[in-house]
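Engineer: I have a structure I would like to understand better, so I am pasting it below and will then ask my questions one at a time.
The values are calculated or read from the model by the stated rules, or taken from the named source; none is laboratory data. This structure is a prediction, so every number in the text was calculated from the model and none was measured. Cβ: placed from backbone, ideal geometry, glycine included. Neighbour counts: every protein chain shown.
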Ligand code: SF4
């Protein structure tokens, strides 16, 4: 594995994103090959994005930073690079970071497409005994053959749901991140509703689809996506150009109907689907704990 130098690991989080007080990226780049990946955008300046590199001494830096934080909170992992990329099997940086969160009393909110996370169920449970843990699997289609084209090196959808089921059964708070949903390729109601059904069957607490069904595209990410999509599904590039031009937000033409269908489905299945409700549900057991501590 290649290494890059890093001075800092922990950054202030965007609390509106799953209640994250802090963010950390232990790796740079991702080898899962999702054709729509936003981390390819120019603003992130990640060269050779498909090659995973680790930050040198990342755990020592992280420990020093966690020690100094007076405010405990939830650390978001995996926003820019899957924390369970194939290098993690040997490098164990994500496992090491989870151990540090456990040691210093922090929670974790993590998104992945890999069932390698099951290896770390023991530490996730230990963290959950004192702080919120929220494990999200990214699922954009319920169909393995389509996922193989759009996310060629990620775990199959079947394995993602099997992992979700195992984590849920162990008592971990889990959910599905249904973003992006690619217009003209994934935005039919049968597909979207099937993901919600599978999430409920796997014991998930939520499905999050954002504010609208669609995808964001910009600069080099757009070029990469349209090039790959056109090769896989001829005619797609023209459809996107006609519908969106150079727009950043590419909202599905079916958005309104999809939002109505999925919200109805989630209500019936007892799944949360708004960020506010998901965060509140995730944090609730810990707030009760705090109140009872004050009570006695
Ligand atoms: S798993 Fe996430 S970070 Fe990795 S390529 Fe896919 S979308 Fe990008």
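Engineer: Before we move on, is residue 13 modelled with pLDDT under 95 and more than 12 Å from the ligand (Cβ to nearest atom)?
Structural biologist: yes
Engineer: Where in the stretch 18-130 are there helices (runs of 4 or more DSSP H), lying wholly inside it, with at least 3 residues that are within 16 Å of the ligand (Cβ to nearest atom) and out of contact with any strand residue (DSSP E or B) (no Cβ under 9 Å at 6 or more places or on another chain)? Don't jump to the end; show me each part of the working.
Structural biologist: Values: elements: 58-68, 88-91, 93-104, 121-128.
The helices (runs of 4 or more DSSP H) meeting that bar number zero.
Engineer: Here's something else I'd like to know. Condition test on residue 114, is it in contact with a helix residue (DSSP H, G or I) (Cβ under 6 Å, 6 or more places away or on another chain) and within 24 Å of residue 40 (Cα to Cα)?
Structural biologist: On the way: in contact with a helix residue (DSSP H, G or I) (Cβ under 6 Å, 6 or more places away or on another chain): no; within 24 Å of residue 40 (Cα to Cα): yes.
No: the conditions fail for residue 114.
Engineer: Right, another one. Among the residues that make up the stretch 152-172, is at least one of them touching a strand residue (DSSP E or B) at 6+ places or on another chain (Cβ under 8 Å), within 30 Å of residue 230 (Cβ to Cβ) and in a strand (DSSP E or B)?
Structural biologist: No, the stretch 152-172 contains no residue that is touching a strand residue (DSSP E or B) at 6+ places or on another chain (Cβ under 8 Å), within 30 Å of residue 230 (Cβ to Cβ) and in a strand (DSSP E or B).
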